[in-house]
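Notes follow the structure.
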Amino acid sequence: MTNTNDDEKVLTQHNIPLTASEMGFLWTQYINDSLAVCVMKYFKSICEDKEILPLIENSLSIAEKDIKIITEIFTKENHPIPVGFTDKDVNVNAPRLFSDVFILMYIQKLEVIAMASIGVAIGVSARSDVSNFFRNLLISVSDLHDKSRKVLISKGVYVRPPQIASPKKVDFVDKQGFLFDFLGSHKRPLTSIEITHLFINIQTNAMGKAMMLAFAQVCKDKDVKQFLVEGRGISNKHLKKFSSTLTDEDLPAAMSWDSHVMDSTVAPFSDKLMMFHTTTLIAVGIGNYGTAAGTCHRMDLSATYTRLSAEIALYAEDGANLMIKHAWLEEPPKAVDHKALVKKKK
């Protein structure tokens, strides 16, 4: 077992710099936490449910603590502190745009996304201070996820994945039809793994669709509004595709989140924040589709995920171009461009 004190002693003596991975994950975490602070401050101002309010405060506390720790690490490294999002990007006095149940579901789903990202960060962090930061963050995030899950269940709004009967015996695949049997009217039943990824992607698209509906109602810029309306249409199409795949197997598909969006047209967030949040969820969706395509065994499903990934990748590019147009896209840390320096010297 590694001794943390020894790690810190080596760090101090040799002044080990941050790796690109450590720098990148800390930078990303800072940006995401600054967004979370804005979102949770607004949620705190509109939430009326006494069971949900402590979860919002917990999430806000985690984000604010993260920002402080990352700022300390970056300051010691003479690394510039990201701009991220500030109080200028949130209007806590805006009318209610989301229901309390939406806020609860949002917190639970965002913690699921965060846990996956933090797990990768831990795996590539060598320095003890960075590794300890992400390990402690994983504990905090998983604890908040567990609390939100319990509140969801207590309120009867927790969405469970579909259930299937337990197999009676262990089987081994003996026909290639297990992979390629997707021609004609009869396809082999979905495996539990394939069902899981369909459920995850339905949930992510349902949340993204509702958020884009809300953001389109309140955003100021016409280009942003058009982008969000287009994205809602894409999410709706993907939702129908994944849901029909489940219902064709007599399995239930999750409900829409749209009913939890209120009729306010006053923006609680800046267009910059809403665009960033949307493009972040798009990136999560692309990652989810890639994982699903790589783990499912029915080739028609893999082909569907690949095709839909290409569609949202093009949509993501449109989002990035729109953010660049408005000077909203903050650049992550990058490697030195030695070729440009050589040309400049000449």
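The values are calculated or read from the model by the stated rules, or taken from the named source; none is laboratory data. What you are looking at is a predicted structure, and each value in this text was computed from that prediction instead of being measured. Glycine also receives a Cβ, built like all others from the backbone with ideal geometry; neighbour counts cover every protein chain displayed. When the accessible area is computed, the model is the full protein with side chains, heavy atoms only, and any ligands, DNA or RNA have been set aside. Shrake-Rupley method; radii C 1.70, N 1.55, O 1.52, S 1.80 Å.
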Residue check: is residue 256 open to solvent by 10 Å² or more (accessible area, probe 1.4 Å) and in contact with a Leu (Cβ under 8 Å, 6 or more places away or on another chain)?
-> yes
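Got at least one residue in region 195-206 being in a helix (DSSP H, G or I), out of contact with any Cys (no Cβ under 6 Å at 6 or more places or on another chain), farther than 18 Å from residue 291 by Cα and open to solvent by less than 10 Å² (accessible area, probe 1.4 Å)? Before you say what the answer is, go through the steps one by one.
Initially, region 195-206 is screened for residues in a helix (DSSP H, G or I), giving 195-206.
Next, only the ones that are out of contact with any Cys (no Cβ under 6 Å at 6 or more places or on another chain) stay: 195-206.
Add one more test, that the residue is farther than 18 Å from residue 291 by Cα, and what stays is 206.
When the remaining residues are screened for being open to solvent by less than 10 Å² (accessible area, probe 1.4 Å), the result is 206.
Among the residues of region 195-206, at least one is in a helix (DSSP H, G or I), out of contact with any Cys (no Cβ under 6 Å at 6 or more places or on another chain), farther than 18 Å from residue 291 by Cα and open to solvent by less than 10 Å² (accessible area, probe 1.4 Å), which makes the answer yes.
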Determine if region 289-298 includes at least one residue that is in a helix (DSSP H, G or I), among the charged types (D, E, K, R) and over 18 Å from residue 208 (Cβ atoms).
-> no
Could you list, in sequence order, the residues of region 149-166 that are open to solvent by 90 Å² or more (accessible area, probe 1.4 Å) and closer than 15 Å to residue 54 by Cα?
-> 150
Scanning region 237-281 residue by residue, the ones that are of a type in the set (A, V, I, L, M), part of a helix (DSSP H, G or I) and in contact with a Cys (Cβ under 8 Å, 6 or more places away or on another chain) total 2
Looking for whichever is surrounded by fewer than 16 Cβ atoms within 10 Å (Cβ to Cβ) and not acidic (Asp, Glu) here; the options are 225, 272, 209, 237. Which one fits?
-> 237
Out of all the residues in region 267-285, is one or more under 25 Å from residue 310 (Cβ atoms) and without any contact (Cβ under 8 Å) to a residue 40 or more places away in the chain?
-> yes
Please state which of the following conditions residue 332 fails to meet, knowing it meets all the rest: (1) out of contact with any Gly (no Cβ under 8 Å at 6 or more places or on another chain); (2) open to solvent by 60 Å² or more (accessible area, probe 1.4 Å).
-> (1)
Over region 72-121, the set of residues farther than 30 Å from residue 48 by Cα and open to solvent by less than 40 Å² (accessible area, probe 1.4 Å) is 73, 74, 79, 82, 118, 119, 121
